[in-house]
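**Q** Can you keep this structure in mind? I'll have questions shortly.
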Amino acid sequence: MSRAAGVILKIWLGLFALLALTTAMAFVQLGSANLAIAVAIAIAKAALVLWFFMELKGSTGLVRAFALAGFLWLLILIALTWTDYSQRRDVKVPVAISSPRSP
């Protein structure tokens, strides 16, 4: 096995281990820490994919800057979506009152 294939295999196994950890976290009740741990695991998985599979490790600074810009843009969109969702309230729609029909 070549060195590159060994690295890819290790990263792949690491991603599967993080997937198993994510699945296990769904069954553990840690209160509000569940979300923080799940987000930390997701960031670790994203970092592995970006650094090794997208080959940002060996890229130039310009490529890394554009990858970072794309990631920041995604964070902005998620933040705006969360802001919109958190400000919504249930609005009761009035029921139309029907008048009795005349014969």
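**Q** Here is a list: ALA24, ALA33. Which entry is over 28 Å from ARG3 (Cβ atoms), modelled with pLDDT under 90 and assigned by TED's automatic domain parsing to the domain that holds ARG3? Talk me through it step by step, then tell me what you get.
**A** Working: ALA24 fails: modelled with pLDDT under 90.
Going through ALA24, ALA33 in turn, the sole match is ALA33.
**Q** With the condition kept exactly as written, say whether any residue in the range 39-53 is modelled with pLDDT of 85 or more and basic (Lys, Arg).
**A** So far as the range 39-53 goes, yes, one or more of its residues are modelled with pLDDT of 85 or more and basic (Lys, Arg).
**Q** Looking only at helices (runs of 4 or more DSSP H) that lie completely in the chain, which have at least 3 residues being exposed (fewer than 12 other Cβ atoms within 10 Å of the Cβ) and more than 18 Å from the chain's Cα centre (by Cα)? Let's see the steps before the verdict.
**A** Working: elements: 3-25, 33-48, 61-87.
Helices (runs of 4 or more DSSP H) meeting the threshold: 3-25, 61-87.
**Q** For the range 4-23, give me each residue that is closer than 13 Å to LYS45 by Cβ and in contact (Cβ under 8 Å) with a residue 12 or more places away in the chain. Give the derivation first.
**A** Within the range 4-23, the subset closer than 13 Å to LYS45 by Cβ is 11-23.
Hits for the range 4-23 are ILE11, GLY14, LEU15, LEU18, LEU19, LEU21, THR22.
**Q** Report, ordered by the first and then the second residue, all pairs with beta carbons closer than 9 Å, sequence separation of six or more or different chains, a first member in the range 67-94 that is under 17 Å from VAL49 (Cβ atoms), and a second member that is part of a loop (DSSP other than H, G, I, E, B) and of a type in the set (A, V, I, L, M).
**A** ALA67/MET54; ALA67/LEU56
The values are calculated or read from the model by the stated rules, or taken from the named source; none is laboratory data. Here the structure is a predicted model, which means the values were calculated and not measured. We place every Cβ from the backbone using ideal geometry, glycine too, and count neighbours over all the protein chains shown.
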